[in-house]
Every structure is written in C-alpha cells, then in structure tokens.
Amino acid sequence: MYAWIWRHLPGPLAVRVSCALVLVLGIIALLLFVIFPAVDPLLPFNDVTID
C-alpha cells in the first residue's frame with residue numbers, strides 16, 4: 001500500500017517527500033481532531049469505580 005502511494009506521488013524525490021509529509025500530517029490531524037473525539041465517549045477509561 002505504501003509503495004502504491006509512493007509511486008503515485010508526483011515529482012522528484014524532494015516533492016514526493018514533502019507530499020508524503022503533508023499526507024501524514026493530514027492523517028494525524030484528522031485522527032486528533034475528528035476521529036478520537038468522536039470515539040472518546042464510547043471508551044470505558046473514565047468509568048473508574050473503587051470499592
């Protein structure tokens with residue numbers, strides 16, 4: 001999968017590296033700001049009970 005993405009990125013090596021970096025940062029931002037907050041209420045980590 002990563003090889004397929006790398007082959008389809010345009011330009012020489014420097015442009016490919018910068019495009020790949022932008023893609024990775026975009027995925028990280030999507031996870032941090034959209035996916036993780038949406039899943040957070042469903043996780044049981046805040047249900048702490050001490051008997």
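Any read-out appearing in this document is the output of simple, stated calculations on the displayed coordinates, not a laboratory observation. Values in this document were obtained by computation on a predicted structure and should not be read as measured data. Virtual Cβ from ideal backbone geometry, glycine too; neighbours counted across all protein chains shown.
Worth pointing out:
- Here r is the Cβ-Cβ distance between Ser18 and Val48 and R0 is 35 Å; the resulting FRET efficiency, rounded to 0.05, is 0.20.
- Volume of the Cα convex hull of the chain, divided per residue and given in Å³: 111 Å³
- Only DSSP H runs of four or more residues enter the estimate; each adds -39500 (n - 2.57), and after division by the residues of the chain the mean residue ellipticity at 222 nm equals -16500 deg cm²/dmol.
- Residues of the range 15-39 with amide N under 11 Å of the 7 Å Cα→Cβ point at Leu9: 15-25
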